[in-house]
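Single-structure report; data block below.
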């Protein structure tokens, strides 16, 4: 179980750090972020909305308890990343520009899988 906790926390911290970086740059409305959104064909106001949603997702994942909220946060992060990957593909960007998103999705899945492993282990331990 110790190994599972270590894997969970590494994946979760990496996921939250990536989302935090994306949300802070979005909330600061950097010129690079605005240009990227224009390139993808999205309205500029969406940058702030995604930034706030990511921060709320980070809080939900890192706060103990609230399992349903965590599920929604994981789903939101997945849809955010999957939408970003598809958007890059749809506008014809080369794989090198959006391949990192797939790495982020894999790390997100690892966090999610190990969250459920630890939750199941806790349930079994409490039943004893």
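The values are calculated or read from the model by the stated rules, or taken from the named source; none is laboratory data. Bear in mind the structure is a predicted one, so any value in this text is a computation, not a measurement. Cβ: placed from backbone, ideal geometry, glycine included. Neighbour counts: every protein chain shown.
Given the residues 46, 40, 69, which is the only one that is modelled with pLDDT under 95, more than 17 Å from residue 109 (Cβ to Cβ) and surrounded by 14 or more Cβ atoms within 10 Å (Cβ to Cβ)?
Answer to the check: 40.
Any residue at all in segment 89-96 that is surrounded by 13 or more Cβ atoms within 10 Å (Cβ to Cβ) and either closer than 22 Å to residue 3 by Cα or in contact with a helix residue (DSSP H, G or I) (Cβ under 6 Å, 6 or more places away or on another chain) (or both)?
At the first step, the residues of segment 89-96 found to be surrounded by 13 or more Cβ atoms within 10 Å (Cβ to Cβ) are 89, 93.
Pick out the ones that are also either closer than 22 Å to residue 3 by Cα or in contact with a helix residue (DSSP H, G or I) (Cβ under 6 Å, 6 or more places away or on another chain) (or both) and you get none.
Taking every residue of segment 89-96 in turn, none turns out to be surrounded by 13 or more Cβ atoms within 10 Å (Cβ to Cβ) and either closer than 22 Å to residue 3 by Cα or in contact with a helix residue (DSSP H, G or I) (Cβ under 6 Å, 6 or more places away or on another chain) (or both).
Quickly run through segment 66-79 and pick out the residues that are closer than 16 Å to residue 15 by Cβ and free of Cβ contacts under 8 Å to residues at least 60 places away in the same chain.
69, 70, 71, 72, 73, 74, 75, 76, 78, 79
Is it the case that segment 24-37 has a residue that's within 30 Å of residue 4 (Cα to Cα), in a helix (DSSP H, G or I), free of Cβ contacts under 8 Å to residues at least 60 places away in the same chain and out of contact with any strand residue (DSSP E or B) (no Cβ under 8 Å at 6 or more places or on another chain)?
Scanning segment 24-37 turns up at least one residue that is within 30 Å of residue 4 (Cα to Cα), in a helix (DSSP H, G or I), free of Cβ contacts under 8 Å to residues at least 60 places away in the same chain and out of contact with any strand residue (DSSP E or B) (no Cβ under 8 Å at 6 or more places or on another chain).
When you scan segment 119-128, do you find a residue that is free of Cβ contacts under 8 Å to residues at least 60 places away in the same chain and either within 15 Å of residue 36 (Cα to Cα) or outside any helix (DSSP H, G or I) (or both), even just one?
Among the residues of segment 119-128, at least one is free of Cβ contacts under 8 Å to residues at least 60 places away in the same chain and either within 15 Å of residue 36 (Cα to Cα) or outside any helix (DSSP H, G or I) (or both), which makes the answer yes.
Got a sec? Which of 75, 11 is surrounded by 13 or more Cβ atoms within 10 Å (Cβ to Cβ) and at pLDDT 90 or above?
11
Criterion first (assigned to a helix (DSSP H, G or I) and under 20 Å from residue 11 (Cα atoms)) does residue 86 satisfy it?
On the way: assigned to a helix (DSSP H, G or I): yes; under 20 Å from residue 11 (Cα atoms): no.
No; evaluated as a whole, the condition is false for this residue.
Considering each residue of segment 37-70, count those that are touching a helix residue (DSSP H, G or I) at 6+ places or on another chain (Cβ under 7 Å) and closer than 20 Å to residue 87 by Cα, and give that number.
Counting residues in segment 37-70 that are touching a helix residue (DSSP H, G or I) at 6+ places or on another chain (Cβ under 7 Å) and closer than 20 Å to residue 87 by Cα gives 10.
If you check every pair at least six apart or on different chains, which have Cβ atoms under 8 Å apart with a residue in segment 1-17 that is touching a residue at least 40 places away in the same chain (Cβ under 8 Å) first and a residue that is loosely packed, with under 14 Cβ neighbours inside 10 Å second?
Short answer, once both residue conditions are applied: 1/121; 4/121; 12/62; 16/62.
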